[in-house]
1. Given the options Ile89, Ile105, Ile78, which has the most mean-square fluctuation in a GNM of the chain, springs set between C-alpha atoms less than 10 angstrom apart?
2. Provide the per-residue ³J(HN,Hα) series for the stretch 70-87, in order, calculated from phi with Karplus coefficients 6.51, -1.76, 1.60 and θ = phi - 60°, each as a whole number of Hz, with x at glycine and proline positions.
3. Just want to confirm a number: the relative contact order over the chain, from Cα pairs under 8 angstrom separated by 6+ residues, in percent.
4. Cβ under 11 Å from Gly37's Cβ, Gly37 left aside: what net charge do those residues give with Lys, Arg +1 and Asp, Glu -1?
5. Choose one of Ala76, Val96, Ala114: the residue whose Cα lies farthest towards the positive end of the charge dipole of the chain (beta-carbon charges +1 Lys, Arg; -1 Asp, Glu; about the Cα centre).
6. In debye, nearest 20, what is the charge dipole magnitude of the chain about its Cα centre with +1 on Lys and Arg Cβ and -1 on Asp and Glu Cβ, if you could check?
7. Between Asn66 and Cys36, how many nm apart are label points set 7 Å from Cα along the C-beta direction?
8. Taking the chain as a Gaussian network, Cα atoms linked when under 10 Å apart, which of Glu11, Glu75, Glu100 shows the biggest mean-square fluctuation?
Amino acid sequence: MKLIVAIIRPEKLEDVQKALAERDVYLMTVSDVRGCGRQRGYTEVYRTTEVQIRLIPKLKLEIAVNEAFVEATVEAIIHAARTGDTGTIGDGKIFVLSLEDCVRIRTGERGSEAIGP
Ligand SMILES: Nc1ncnc2c1ncn2[C@@H]1O[C@H](COP(=O)(O)OP(=O)(O)OP(=O)(O)O)[C@@H](O)[C@H]1O
Ligand SMILES: [Mg+2]
């Protein structure tokens, strides 16, 4: 099992959800977050000394999947969240984490059984 954590542009949520649904991935958690990548948002010089790093609003998707869905999920996010023909800085990032366990509280099911539909 893997936990796929994707940081995307907020305006890309609808396209990403659609692409995931086409691959039978529906279960997810979405949060409003702020962050900066390697461009550091942008730097702003205040009285020539202070440099402020700006945090840009993004969305964080958390999707727990069984191994069979990992690549399809990652590919769907890449294709739907990329902007323009070749991508643009700030398009986002995907982290793939090993997932120890999952529990469906209602039934007590564990692991793979609990993750999916
Ligand atoms: N190493 C990281 N750790 C945690 N969050 C990150 C990391 N890199 C990116 N993020 C998150 O992803 C968002 C989008 O990152 P972004 O797409 O700008 O990545 P990047 O590495 O700067 O690549 P690019 O050069 O394509 O912009 C950031 O605003 C931040 O929230
Ligand atoms: Mg960046």
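1. Ile105
2. Going residue by residue, I get 4, 5, 4, 5, 4, 4, 4, 5, 4, 5, 7, 8, 6, 10, x, 6, 10, x Hz, with x marking Gly and Pro.
3. 40
4. Around Gly37, the surrounding residues sum to +3.
5. Looking along the dipole axis, the top candidate is Val96.
6. The dipole magnitude comes to about 500 debye.
7. The modelled label-to-label distance comes out at 4.3 nm.
8. Looking only at Glu11, Glu75, Glu100, the biggest GNM fluctuation is shown by Glu100.
Bear in mind these aren't lab numbers, they're just calculated from the coordinates by the rules spelled out. Keep in mind that what you see is a predicted model, and the values were worked out from it rather than measured. Using ideal geometry, Cβ is built from the backbone for each residue, glycine included, and neighbour counts are taken over all protein chains shown.
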